[in-house]
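Chemist: Questions regarding the structure given below will be posed in turn.
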Amino acid sequence: MGNKTYKLYDYLCEKENYESRDSQKMFLDIVEKTIDKGGIKIIQAPTGTGKTYGYLIPIIEKHQKAIISTGTKLLQEQLRNDVDNLKSFYYKLTGNNVSCLVMKGKNNYLCLDRFNNYQGKPAEMLVEIEEKLKTPWDGDKEFLQKTDSEIWNKICVDEDYCTDYYRSICKYKDECLYWAKLKSRESQADILIVNHALLALSDFGDIEKEEFILVIDEAHELDKYITSALTKTISTFMLKGILDYIKQFLPSDNLDVEKFFNNLNEDFSKLGVGEEEVPLVLKDNNENIQPKFPLIEKEKSSFLNEFKEQILDPLEKKYMDNVRKNVVDEITNHIKGKRGWIGPNLKSYLEKLSLISWEELSGTAISDQDSQDDEELIKKLKIYEFLQNKFIKVKDFYETLKGNQGKYGLSISREYNENLQTYNYIISLFPIFPKDQKGQFDLNRYKGVIITSATADPEDLKSTLGIEGDFTNLPHNFSYKNVKFCICNVNPSEEKEKWRECLKQSFKWLVSKYDKVLVLLTNKEDFKLFQNEPGTAFLRKDEQVSKRVEDLKKGRIKALVGLDRLWFGVDVPGEKGILIAKIPFEYPGDPLNFYRKRYLGKNFWEYYKRKALIKFKQGIGRMMRTRNDGGTIILCDNRISNHKEFSEFIEELKSRGLVVVKECKCDDKFLEEVMKSDKEK
Ligand code: SF4
C-alpha cells in the first residue's frame with residue numbers, strides 16, 4: 001500500500017467525503033515515482049480503483065506538465081470534467097490554478113475561411129454555426145446539434161487547405177478558432193487532454209515532450225485506435241472530389257472513377273471465396289460482409305497496375321499537368337493585366353508556391369493592398385494548392401502499398417450513399433502491426449509514461465504496439481457476492497438453432513427480472529433476434545452511446561443491444577442483467593485478422609485468444625460499476641470451459657464472491673431456482 005501522503009487526496013477524503021482506497025494510493029505512488037524517475041509503467045487498475053484521480057492528483061500536486069490520452073472524444077469530455085473538479089478543490093486548498101486544454105483532431109474544428117467561402121447547398125447546420133459564432137463557441141463540432149458530415153468536410157480545418165503557406169496570408173488568421181484561439185494555448189497548458197488518434201499522429205503541437213508525463217488511459221483500445229489512425233484510404237468520393245476541383249480549371253475533362261471501382265468489384269468477385277485467406281472484404285452499408293476474396297500476390301500486383309494505369313497516371317499526366325499550365329497562364333495574364341503591380345498577400349503566396357520563376361516574380365512590384373482581382377486569384381491558387389495536396393495523398397497511398405507489402409494490409413469496403421444514389425468504395429491500407437511503423441509512436445521521448453486500463457495487458461501492448469514497461473496489477477476493489485454468472489450449456493458454433501433459442505429465452509428472463517439489461521453481441525446479424533422485443537434499443541453505428549445509456553439509466557428503455565461499443569466503457573450502475581452472446585472472438589475474416597494471422601503464423605491463436613479475453617473481461621466489467629451493484633450475467637456459450645485463460649478469470653472472480661452456475665438451462669424454472677440460491681451449481 002502506498003505510504004506517501006498527498007495533500008489534495010487527504011483533503012478530498014477528510015473534507016469532501018471521498019472514500020480512501022488502498023489500490024488508488026498505490027496508483028498515486030506509481031505515478032509519483034514516474035514523475036520523479038521516469039520510465040514506462042503499465043498499470044492494470046480494476047473497476048473502482050479511481051484511476052483518473054490516481055494519475056491526476058500527483059500530476060496536479062507536483063505541478064507536472066502532462067498529456068493525457070484517452071480513447072474517444074466523449075471520454076475526453078469526461079476527463080475534462082474530472083480535471084475541472086480537481087482544479088477547483090486544488091484552488092480551494094492552495095489558491096493555485098491549473099490550466100487544462102482539450103485538443104481534438106484538426107478536422108473537428110471550424111475553418112472560418114472555408115466557412116465564409118462555402119458555396120454549396122444551404123443547411124440547418126450552417127444557420128446554427130452563424131448563431132454559434134456570436135457566442136464564445138470554440139469551433140468544436142461536438143457542440144453542434146445539427147450536423148451534416150458532407151458539408152462539415154468542406155468547412156472544417158483541413159491540413160491540405162490550411163497549409164503553412166496559406167495560413168500566413170489567410171484573412172481570418174488573427175481570429176482563427178483553431179490556430180489563433182486553441183493552438184496558441186497549447187504550449188501554456190499544464191494538462192493537455194488528447195485522444196489516441198491524435199497521439200498516434202503526434203498532432204498536438206510543438207511542445208517539448210521531454211518535459212511532459214504522458215498518461216495513456218483506456219489502453220486496452222490503444223492498438224485499435226492507433227491502427228486506425230495510421231490507416232491510409234482512398235475512395236470513390238475522395239477521387240470524385242478531386243475531379244470536381246479539377247473541373248474548375250478544366251471544365252470539359254472527366255475521368256471515370258466509378259468505372260474503375262465497379263470493374264474492381266467485378267474482378268474480385270471472379271476470384272471466388274476462400275475461407276483461409278480473406279484479405280479483401282466488401283462490406284455493404286449495413287456492415288454485412290459481402291464476398292470474401294483470397295489474396296495472392298498476383299491480385300495485389302494487378303490492383304497496383306490497374307490503379308496506376310487507370311487512376312494515378314491519368315490524374316498526374318493528363319490532369320494535374322494541365323491544371324498547372326492553366327494556373328500558370330492565369331498568373332502570367334494577371335501580372336500582365338496589372339502591369340506588374342500585385343498585392344502583398346498575392347506576392348507572398350506566389351513566392352511560396354513556386355509556380356512561376358523567380359525572374360518573373362522579381363519583375364513585379366507590391367501595391368498597398370490586394371485588389372479584388374488579386375483576392376480572386378488567391379482563391380484560385382488556394383484551390384490549386386488544395387488539389388495538389390490531395391493528389392499527393394493518392395500518390396502516397398500508391399507508393400506506400402507498392403513499397404511496404406509485408407507491413408501493410410489492404411481491404412475494400414463499400415457504402416451506399418442515398419443522396420448520391422451510388423456506392424462509395426473505400427480502399428484502406430492499414431499497418432498490420434503499428435509496432436512496425438518506425439518512429440510513429442515513440443514513447444521514449446516523454447519524461448515518463450503511465451499506461452493504464454482495467455484490462456491492461458502487457459503482452460498485447462508489446463506484440464501489437466511494441467510497448468514494453470514495468471507491469472503492476474492492482475488489487476480488485478469490489479466484491480462480486482451479489483453477482484451470479486450462469487453458463488448455458490450450448491455451443492454457438494455447433495448448435496446454432498439451440499443457441500438462438502437460448503439467447504431469446506435468457507433475454508426474456510433477464511428483462512422480467514431487471515429494469516436494466518445489456519445485451520453484448522458479436523455479430524450485427526443477431527440484432528434480429530431482439531427486433532420485436534418491447535422496450536429494447538439497439539446501439540447502431542451512428543447512435544450516440546451516451547444518449548442510449550442515459551435512456552437505460554432513466555428507465556426510458558429496458559434493454560440495450562449492441563456490439564463492440566457496448567462491451568467497452570459503458571457505465572450503468574445499479575442492479576442489472578447482462579447477456580453475453582458468446583466468447584467474443586473477432587470475426588476471422590476481418591482483413592486485419594487475416595493479415596495478422598499471416599504475419600504471426602502459428603502464434604496467431606495466442607494473439608487471437610488474448611484479444612477475445614480482453615474483450616470478455618471488459619464485458620464482465622460492465623456489471624460492477626459501483627460497490628453496491630449486482631445482478632445476473634448469462635453467457636450462452638459452453639466453450640468457455642475449453643479455454644484455460646477464461647476459466648481462470650472466472651475462478652479469480654469466484655474468489656471474490658461470484659456465484660457461478662454451470663450447465664445453466666434457459667428455462668424460467670431453473671433460472672428462478674438460481675435466483676433463490678446463493679450457492680454454486
Ligand atoms: S488560418 Fe487556416 S484554419 Fe484558420 S481560418 Fe485560415 S485557413 Fe482556416
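Computed from the coordinates by the stated procedures, all read-outs in this text should not be read as laboratory data. Predicted model only: the values in this text are computed from it and were never measured. A quick note on method: Cβ atoms are made from the backbone with ideal geometry, for glycine too, and the neighbour counts reach across all protein chains shown.
Chemist: Evaluate the distance, in nm, between pseudo-label points positioned 7 Å from the Cα of LYS407 and of LEU361 along their respective Cα→Cβ axes.
Modeler: 3.4 nm
Chemist: Still on this structure, I have one more. Compute the label zone of LYS462 within the range 601-639: residues whose backbone N is under 20 Å from the point 7 Å along Cα-to-Cβ.
Modeler: Those under the cut-off are 601-615.
Chemist: Rounding to the nearest 10 and keeping the result within 0 to 90°, find how far the Cα-based axis of helix 257-269 lies from the longest principal axis of the chain.
Modeler: With both axes taken from Cα atoms, the answer is about 40 degrees.
Chemist: Additional query: Give me the one-decimal nm value for the distance between modelled label points at LYS554 and ASN523, 7 Å along each residue's Cα-to-Cβ direction.
Modeler: It is 3.5 nm.
Chemist: Next question. Can you compute the FRET efficiency between GLU399 and GLN78 using 1/(1 + (r/R0)^6), with r the Cβ-Cβ distance and R0 = 35 Å? Round to the nearest 0.05.
Modeler: On the way: r = 40 Å, r/R0 = 1.14.
Calculated transfer efficiency: 0.30.
Chemist: Quick one: what are the phi-derived ³J(HN,Hα) couplings along the range 357-370, Karplus 6.51/-1.76/1.60 with θ = phi - 60°, whole Hz, x for glycine and proline?
Modeler: Taking θ as phi minus 60°, the curve returns 5, 4, 4, 4, 6, 6, x, 9, 10, 9, 7, 4, 8, 6 Hz for the range 357-370.
Chemist: Ranked from highest to lowest mean number of other Cβ atoms within 10 Å per residue, what is the order of the peptides 630-640, 332-342, 458-468?
Modeler: 630-640, 458-468, 332-342
Chemist: Explain nothing, just compute: Karplus ³J(HN,Hα) = 6.51 cos²θ - 1.76 cosθ + 1.60, θ = phi - 60°, for every residue of the range 27-37 in order, whole Hz, x for Gly and Pro.
Modeler: Whole-Hz 3J(HN,Hα) from phi for the range 27-37: 4, 4, 5, 4, 5, 4, 5, 5, 5, 6, 10.
Chemist: Report ³J(HN,Hα) in whole Hz for each residue of the range 148-162, in order, from the Karplus equation J = 6.51 cos²θ - 1.76 cosθ + 1.60 where θ = phi - 60°; Gly and Pro get x.
Modeler: Karplus values, whole Hz, x for Gly and Pro: 9, 5, 4, 6, 4, 4, 8, 10, 8, 5, 9, 5, 6, 8, 8.
Chemist: If packing is taken as the average number of other Cβ atoms within 10 Å across a peptide's residues, how do 129-135, 429-435, 6-12 rank, most packed first?
Modeler: Numbers: 129-135: 12.4, 429-435: 20.7, 6-12: 17.4.
Taking the mean over residues of other Cβ atoms within 10 Å, the ranking is 429-435, 6-12, 129-135.
Chemist: With a cut-off of 8 Å between alpha carbons and a minimum separation of six or more residues, what is the relative contact order of the range 467-617 in percent? Please list the in-between numbers first.
Modeler: On the way: 151 pairs, mean separation 37.1, N = 151.
Answer for the range 467-617 is 25 percent.
Chemist: While we're looking at this one, here's another question. Round to the nearest 0.05 the FRET efficiency obtained for GLU543 and LYS438 when R0 = 41 Å and r is the Cβ-Cβ distance.
Modeler: 0.60
Chemist: Okay, moving on. If you add up the charges near SER99, with Lys and Arg at +1 and Asp and Glu at -1, over every other residue whose beta carbon is less than 14 angstrom from its beta carbon, what do you get?
Modeler: +1
Chemist: Follow-up question, since we're still on this one. At 7 Å along Cα-to-Cβ for each site, give me the label-to-label distance between GLU376 and LYS654 in nm.
Modeler: 8.2 nm
Chemist: What is the chain's relative contact order, in percent, from Cα pairs under 8 angstrom and six or more apart in sequence?
Modeler: On the way: 1079 pairs, mean separation 116.5, N = 681.
Once divided by the residue count of the chain, the mean separation gives 17 percent.
Chemist: What residues have an amide H closer than 5 Å to that of ILE42, excluding those fewer than 5 places away on the same chain, when H is modeled at 1.01 Å from N in the peptide plane?
Modeler: ILE451, ASP470, PHE471, THR472
Chemist: Could you let me know the centre-to-centre spacing of the range 87-157 and the range 578-639, using Cα atoms, in angstrom?
Modeler: Between the Cα centres of the range 87-157 and the range 578-639 lies a distance of 37 Å.
Chemist: Out of residues 5 or more away from ILE68 or on other chains, whose amide H comes under 5 Å of its own, with H placed 1.01 Å from N in the peptide plane?
Modeler: LEU192, ILE193, VAL194, VAL215
Chemist: Quick one: helix 73-94 against the long Cα principal axis of the chain, what's the angle to the nearest 10°, folded into 0 to 90?
Modeler: Helix 73-94 sits roughly 80 degrees off the main axis of the chain.
Chemist: I would also like to ask the following. Place a point 7 Å from the Cα of ASP148 along the Cα-to-Cβ direction; which residues of the range 228-246 have their backbone N under 20 Å from it?
Modeler: What the label zone holds, given the 20 Å backbone N cut-off, is 237-238, 240-242, 244-245.
Chemist: On a 0 to 90° scale, report how tilted helix 51-61 is relative to the longest principal axis of the chain, with both axes built from alpha carbons and the result rounded to the nearest 10.
Modeler: Once rounded, one gets 60 degrees.
Chemist: Express as a percent, rounded to the nearest 5, the fraction of DSSP beta bridges in the chain (both residues included) that run antiparallel. Before the final figure, lay out the partial values.
Modeler: On the way: 19 of 73 bridges.
Expressed as a percentage, antiparallel bridges in the chain total about 25.
Chemist: Suppose the chain between ASP164 and ILE207 were pulled fully straight at 0.36 nm per residue; how much longer would it get relative to their current alpha carbon spacing?
Modeler: Values: separation 43, 0.36 × 43 = 15.48 nm, distance 1.79 nm.
Computed gain between ASP164 and ILE207 is 13.7 nm.
Chemist: Could you order the peptides 214-220, 472-478 from most to least packed, using the average number of other C-beta atoms within 10 Å per residue?
Modeler: Result, highest mean Cβ count within 10 Å first: 214-220, 472-478.
Chemist: Taking H as built 1.01 Å from N, whose amide H comes closer than 5 Å to the amide H of THR231, not counting residues under 5 places away?
Modeler: none
Chemist: For ARG339 and TYR587, what is the calculated FRET efficiency with R₀ set at 60 Å and r taken between the beta-carbons, to the nearest 0.05?
Modeler: On the way: r = 67 Å, r/R0 = 1.12.
Efficiency at R0 = 60 Å is approximately 0.35.
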